[in-house]
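J.: Handing you this structure, nothing more for now.
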Amino acid sequence: MKELLNKKQKLITIIIITGIIFARCNLGLTVYKACVPVNLLFDGLAFVYCLWLFINDKEPMKKGLCNKAVVWALAFSAIIMIYGHFRIRLGAEYFSRMITILTVVPAILLLVLMFYNKDDILDILSISGTVIIITTLIVSLCFDTEWSEWLDGMYSRVGATPAGGVIDTGNLVLILLIPILYQLIVLKKVKQYLWITIIGLFEIIATGAKSSVLPIVFVFAIMIVGASDDKRVIRRNLIILLVLAIIAFTAIMVIPPLYGVIGYRIAELFTGVVAEEYDLHTSTGQRMAMMAAFKEHFMEYPIFGHGFYAFKEMPYSAIEEFRQGTEITYRHIQIHMNFCELLFSYGIFGFIAYYWFPVLTIVNSFKANKKAKIIVFSIMISFLFMDLGLDMYYRYLLPYYSYFLAYFMVETNKNERA
């Protein structure tokens, strides 16, 4: 048995990582009764397998648990639990210990598995990402009723799963594509990964999520620059990328189905930002109204914040248009921007407590090799856009997994040239 487990370590790791991310990011924790048991099943399998790995080799476990990444995740989770449980100041009521624990613990298990498979991690994550991208599409086709509108010639945003809406799906696929794109562009594994890249790009565009559609261009640029040391090749590839980006943008703005999914949202972004009055019928208008309310009230409690998701509890947060039968009302919503949500909820204290780790990881990446830089910069540019469009810190495994991956790449590729 021991020999078999050692021989199949890569396969077992792929299955466990795929299961954890699929359960948390496709099924979620709340929609169906089976969601939590499925999450616990894969987390339990990961724990038992990590325990077995520890018995046979203790060093990777020490590296996986005794580090800045785990300290950051546990410390910030403790802040969330203190603010959420005790409802400091004006905190919201919907804090869940289960959500907090089933966010940070799976991320730590994933980090430990990375250290036990450091030589194969890109292959493992690429294969795992391929499976999850496909299953995400399948789950969405079964769950999201908006897909049926495509059969009637009406093209709306699609991709919702039990774990989240279309934006969440777009963000998930973008992060899953980063190791795959590295394999495709940098390592030139075209036959193996071109097809899943095309499927992933389709899913991102179908979601109409600006937070994943816009940064994918920058991720491609980072990959292209990192793929070669020849300046002429890099310049040529960047020109090709620019031309393709222009063609894609033109198609999005001109072709009706693409415009109906994402084009109108890009146009709305520019018109909404410069508008003198906030159009609460649009996503951009709502976000501009949120920003105005944030600026007006942030200084009431700037150091330690207003409390867990307190913005949603405020009378001025009734911004999102909501239809009840024939009546249109406005419901209270969170800020939908990670930076501002952290500042409003936990103040400058909470903002620093969350962002010191990714910032330090970026700084340390300059001491690592090119592979680490490419992966880290791709993750961080993606999360810059994601955090501008969504509050990611509480209900999502994705940022913790992604920042852990960035940290892992830096730690295992320090002081290397290749």
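J.: Classify segment 51-196 as rounded, prolate or oblate, taking a ≥ b ≥ c as the square roots of the eigenvalues of its Cα gyration tensor: rounded when a/c is under 1.5, otherwise prolate if a/b is larger than b/c and oblate if not.
T.: On the way: a/c = 2.69, a/b = 1.13, b/c = 2.39.
Here segment 51-196 falls in the oblate category.
J.: Now for a different question. Expressed in nm to one decimal, what extension gain is obtained for the pair A292 and K231 from 0.36 nm per residue of sequence separation less their Cα-Cα distance? Please report the intermediate quantities before stating the final value.
T.: Working: separation 61, 0.36 × 61 = 21.96 nm, distance 4.46 nm.
Net length gain for the segment: 17.5 nm.
J.: Using R₀ = 22 Å, calculate the FRET efficiency as 1/(1 + (r/R₀)^6) where r is the Cβ-Cβ separation of T145 and Y32; round to 0.05.
T.: Working: r = 16 Å, r/R0 = 0.73.
Between T145 and Y32 the formula returns 0.85.
J.: Moving on. Would you please classify the overall shape of segment 1-68 from the alpha carbon gyration tensor, given that a ≥ b ≥ c denote the square roots of the eigenvalues, rounded means a/c under 1.5, and beyond that prolate means a/b larger than b/c while oblate covers the rest?
T.: Since a/c reaches 1.5 and a/b is larger than b/c, the shape of segment 1-68 is classed as prolate.
J.: Something else: So which DSSP H runs in the chain come out at 20 Å plus along the axis (Cα) with average Kyte-Doolittle of at least 0.0?
T.: Numbers: long enough: 35-56 (32 Å, 1.66); 68-86 (27 Å, 1.57); 97-116 (29 Å, 2.23); 121-143 (31 Å, 2.26); 166-181 (22 Å, 2.23); 190-207 (26 Å, 1.33); 231-254 (34 Å, 1.80); 283-297 (21 Å, -0.44); 338-365 (30 Å, 1.13); 370-389 (29 Å, 1.33).
Those that pass (Cα extent of 20 Å or more, hydropathy at least 0.0) are 35-56, 68-86, 97-116, 121-143, 166-181, 190-207, 231-254, 338-365, 370-389.
J.: Let me ask something additional. Please report the spacing between the Cα centers of segment 231-245 and segment 301-341 in Å, no decimals.
T.: So the separation of the two Cα centres works out to 43 Å.
J.: Beyond a 29 Å Cα-Cα separation, which of these cross-linked pairs lie in this structure: K63/K191; K33/K63; K7/K68; K33/K191; K58/K189; K189/K231?
T.: On the way: K63/K191 35 Å; K33/K63 36 Å; K7/K68 31 Å; K33/K191 40 Å; K58/K189 34 Å; K189/K231 22 Å.
Too far apart for the 29 Å limit: K63/K191; K33/K63; K7/K68; K33/K191; K58/K189.
J.: Can you tell me how segment 18-135 classifies by the Cα gyration tensor, rounded, prolate or oblate, using a/c under 1.5 as the rounded cut? Provide the component values of the computation, followed by the final result.
T.: On the way: a/c = 2.20, a/b = 1.36, b/c = 1.62.
Oblate, because a/c is 1.5 or more while a/b does not exceed b/c.
J.: Among all the lysines, which ones have a C-alpha under 19 Å from K295's C-alpha, if same-chain residues fewer than 8 places away are not counted?
T.: Once the sequence-local lysines are set aside, what remains near K295 is K312.
J.: Excluding the sites themselves, what is the longest stretch of the chain that contains no chymotrypsin sites (Phe, Trp or Tyr not before Pro) in a DSSP loop with at most 13 other C-beta atoms within 10 Å?
T.: Working: sites that count: Y32, Y94, F366.
Formally, the longest exposed-site-free interval is 95-365.
J.: Could you tell me which residue out of P256, P215, L194 lies farthest along the dipole of segment 184-272 toward its positive end? Charges go on the beta carbon: Lys and Arg +1, Asp and Glu -1, centred on the Cα centre.
T.: Checking the options against the dipole of segment 184-272, the answer is L194.
J.: Taking a 1.4 Å probe, which of H332, H306, H85, H297 shows the most accessible area, and what order do the others take after it?
T.: On the way: H332 80, H306 0, H85 100, H297 30 Å².
Result, largest first: H85, H332, H297, H306.
J.: Another one. Determine, from the Cβ-Cβ distance of I239 and L360 and an R0 of 45 Å, the FRET efficiency 1/(1 + (r/R0)^6), rounded to the nearest 0.05. Mind dumping the intermediate values first?
T.: Details: r = 35 Å, r/R0 = 0.77.
That pair, I239 with L360, gives E of 0.80.
J.: Among all stretches of the chain without exposed GluC sites (Glu not before Pro) (DSSP loop, at most 15 other Cβ atoms within 10 Å), which one is longest? Before the final figure, lay out each step's value.
T.: Working: sites that count: E93, E276, E277, E416.
The answer is 94-275.
The values are calculated or read from the model by the stated rules, or taken from the named source; none is laboratory data. Please read all numbers here as calculations on a predicted model, not as lab measurements. All Cβ positions, even for glycine, are placed from backbone atoms using ideal geometry, and neighbour counts span all protein chains on display. With ligands, DNA and RNA removed, areas are computed over all heavy atoms of the protein, side chains included. Shrake-Rupley method; radii C 1.70, N 1.55, O 1.52, S 1.80 Å.
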